[in-house]
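Worksheet: the structure to be examined is printed underneath.
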Amino acid sequence: MRFRALFFFAVLAFCLPAFQPLHAAVNRWLSIGPDGGDARSFAYDPTDVTHVYLGTTNGWIYQSMDAGAHWSRLSKIGASDEDLVVDHLIVDSADPHTLYAGVWRLDKFGGGVWVSHDSGLTWTELPGMDGQSVRALVQAPSNPNILVAGTISGVYRSEDGGAHWKEISPAGSGQIIEVQSVAVDPVNPDVIYAGTWHLPWKTSDGGKHWVNIRRGIITDSDIFSILIDPKAPQTLYMSACSGIFKTYNGGELFRKVQGIPTTARRTRAIKEDPLDRRIVYAGTTEGLYKTVNAGETWRRMTNPYIVINDIYIDPQNPERVLMATDHGGVLASNDGGKTFTTSNQGFSGREVTSILLDRKHPGRIYAGVVNGWQYGGVYVSADNGRTWQQQSEGLGRRDVFSLAEANDGTLLAGTDRGIFRWTPNGWVQDGNAITEHTRIVEYTRNGRLLQRTVVEDSRPERIEGRVGALLAAGNDWFASTPEGVYRSTDHGQMWRGPVLSGANYFYLGKDGPALLASNFQVVRRSLDGGRTWIPLNRPAGLTQITAVTVSPGGKIWVGGPQGVYWSGDNGHEWHAIRRLPTNQIRSLAWDPAKHRVVVTSRITSIVYAIDPDTLTWKWWDAGWRLHSLHSVNGRLLAASPTNGVILEPQQPANGSALAEIRSH
């Protein structure tokens, strides 16, 4: 009976548009690291200050029950969204089980305010703010029913815990827009400050009237954060791209704080020591600053390469300070900011581009990371992903886009600036390239016009562009660069080419004795070690190639916006997997352990497994958008754009896989 129900559900799904995924049972795969990534915001339970919440840049909420020493995934805002930035978290001062989150979308307009009534386990989007790009969110200290949100379009206020919202900034004024920060007076909830991308504003009557409070502030300063002294509400700090400013009279006149970041250094967070108001921390895009005398003098507590988004100071132990940072995740101090160490156990928000399984050392996994700066590069695990170590010495903060291992065990990394090889002393840059230029020479002999092809070598120059793909095929190594594919026959000491011209070759692979290379337009095949390349026909109806793999028996598989195709005759004839209910293919990979082709999509978290012999398929909802799949001890391992390395559970949940269905 259950099989019939599943089969009916699958057949019904074929009537859906191709872009609409099946509603698989979610058996969320495991995020196993590397730890760290982009951390955005903190909040804590006032009844238990060791219970800390963490907001991220991909919609995930984490929690810690030990003041940030360890983290666990709690929930996700927006089930299928990967671009929601949780910039503000609030624990309701009247009910610690109620949380609010202000979010906005990366690279596009949108966001909103979300609420949870079960300590962050589940979230509901609040009506009236849906679609708003929320850049600031606060709760009135004197009235927990009052919430104030700053958005790209203005300032909004709710007086019933978020059930209803009203815009309190002048609609259409063109002045109080692009609101980056808000603050509410601790005594009078009608006194509200709003910092925009163009100076600060204040209302004393709940938004009926607004005044620009700009005296003493450098013109056209972006106001990133506002801190009101809870004991002296007329005293407040405002941080801007032009520095930090302080007022003692509610904004009538500001003065610039000295000794703190100069022009163009952004201060995203200002937090006051809860037990000593003279101690204030400023989290900037160039490290952490601290004052112990109410802003008269400041001292930088960290190196200038840390970008800080938020600060948490333990209310009961102010020596315990946490920082939410770009790339580095959470940094923790137990000595008032004198020293910091990473505190990311259980938190992984890495952008992993490539995975490599060490052929000579079972259980060893390498992960290439981008957008990590000093926290990026290459990470290695020697225990199947349980623990990770950064292995980036010598990369110079480069992003890693591709990894390969040669037959002798040499590890290669393709970065945004060249090719690197791992040695006992760290990474060293390879890629001295000789570019071959061909020209036709015309001459005459006995009155006849003849032609001769001449190959001219350039002077060796190091490859400095992005290396999007690597292949170590025996003694021949290949690298895809912006100029094309280069070849080395001396273990990377010298590269010649391009043996295949053109940019954006994202795939280099082997099909038996043949080599394959693909960019977005064409797959090319070489039978002579990469000296000459034959273009294969592209499947009719496929507008772009985004994924390639091969399976035993000579089948070549390609994927793109229109789905998955295969050929058993080197591209002369292509066949579509017509009933696969997904498109926008992100990756294809051959799984030798279970003799199947695994497929992922850019628009869904469903993973498909195709039997290359019967052309039947199964599917799972992994819970993440994945690519670069590999098989480890019969389980799939994958990379994710925002959640690190993902591992398939030991046994899929019942019902997470469909019955086998033929594609033709």
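Every read-out reported here was derived from the displayed coordinates using simple, explicitly stated rules and does not represent laboratory data. Remember, predicted model here, so these are calculated numbers, not experimental data. Here the Cβ positions follow ideal geometry from the backbone for every residue, glycine too, while neighbour counts run over all protein chains shown.
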| request: Please tell me the relative contact order of the chain in percent, rounded to the nearest whole number, where contacts are Cα pairs under 8 Å and at least six residues apart. | output: 10 percent
| note | Any chymotrypsin sites (Phe, Trp or Tyr not before Pro) in region 149-203 that lie in a DSSP loop and have at most 14 other Cβ atoms within 10 Å would be none
| Taking only the alpha-carbon positions of region 216-313 and ignoring solvent, what does the Debye formula give for the base-10 log of I(q)/I(0) at q = 0.15, 0.20, 0.22 Å⁻¹? | -0.51, -0.93, -1.14
| query | Near the amide H of GLY36, under 5 Å away, which other amide H atoms are found, from residues 5 or more places off or on another chain, if H is placed in the peptide plane? | reply | PHE347, SER348, GLY349
| Where N is the number of residues in the chain, Cα Rg divided by 2.2 N^0.38 Å | 1.10
| said: Viscosity 1.002 mPa s, temperature 20 °C: give me the Stokes-Einstein translational D for region 497-650 in µm²/s, with Rh taken as the Kirkwood radius over C-alpha pairs. | reply: 135 µm²/s
| request: Return the sequence-ordered ³J(HN,Hα) values of region 483-499 in whole Hz as given by the Karplus equation 6.51 cos²θ - 1.76 cosθ + 1.60 applied to θ = phi - 60°, using x for Gly and Pro. | output: 8, x, 9, 9, 10, 10, 10, 10, 6, x, 5, 9, 10, 10, x, x, 6
| said: I need the phi-derived Karplus couplings for region 130-146: 6.51 cos²θ - 1.76 cosθ + 1.60, θ = phi - 60°, integer Hz, Gly and Pro marked x. | reply: 5, x, 7, 7, 8, 9, 8, 8, 9, 10, 5, x, 8, 8, x, 6, 8
| request: List, in the order given, every pair from LYS231/LYS338; LYS271/LYS338; LYS208/LYS246 whose Cα-Cα distance in the structure shown is over 18 Å. | output: LYS231/LYS338; LYS208/LYS246
| said: For region 583-631 and region 268-298, what is the centre-to-centre distance using only Cα atoms, to the nearest Å? | reply: 50 Å
| query | What are the residues whose amide H is under 5 Å from the amide H of GLN544, where those residues sit 5 or more places off or on another chain and H is modelled from the backbone? | reply | GLN562
| Relative contact order (%) - region 216-313, alpha-carbon pairs under 8 angstrom, separation at least six | 20 percent
| How far, in degrees from 0 to 90, does helix 2-13 lean away from the longest principal axis of the Cα atoms of the chain, to the nearest 10? | 90 degrees
| said: Considering only C-alpha atoms, what is the centroid distance from region 133-155 to region 484-536, in Å? | reply: 56 Å
| Which FRET efficiency, nearest 0.05, do TYR248 and LEU121 yield, Cβ-Cβ r, R0 51 Å? | 0.70
| query | Label points 7 Å out from Cα along the Cβ direction at THR50 and ARG255: separation in nm? | reply | 4.4 nm
| request: Measure off 7 Å from each Cα along the Cα-to-Cβ vector at THR339 and PHE520, then give the distance between these two points in nanometres to one decimal. | output: 4.9 nm
| remark: Given a Förster distance of 56 Å, the FRET efficiency implied by the Cβ-Cβ spacing of SER173 and ARG299, rounded to the nearest 0.05, works out to 0.85
| task | Calculate one ³J(HN,Hα) per residue across region 71-87 by plugging θ = phi - 60° into the Karplus curve 6.51 cos²θ - 1.76 cosθ + 1.60, and present them in order as whole Hz with x for glycine and proline. | result | 10, 9, 5, 9, 6, 10, 8, x, 4, 10, 8, 10, 10, 8, 8, 8, 7
| message | For a quick check: sort THR267, THR47 by the number of other beta carbons within 10 angstrom, fewest at the front. | response | THR47, THR267
| field | Stokes-Einstein D in µm²/s, Kirkwood radius over Cα pairs - region 186-257 at 4 °C with 1.567 mPa s viscosity | value | 108 µm²/s
| query | How much FRET efficiency would the formula 1/(1 + (r/R0)^6) give for GLN316 and ASP205, where r is the Cβ-Cβ distance and R0 is 60 Å, rounded to 0.05? | reply | 0.95
| What full-extension length gain, to one decimal in nm, is calculated for GLU159 and THR219 as 0.36 nm per residue of separation minus the Cα-Cα distance? | 18.3 nm
| request: Would you mind checking the pairs LYS166/LYS256; LYS108/LYS290; LYS510/LYS618; LYS202/LYS290; LYS76/LYS360; LYS510/LYS594 and listing those with alpha carbons more than 30 angstrom apart? | output: LYS166/LYS256; LYS108/LYS290; LYS76/LYS360
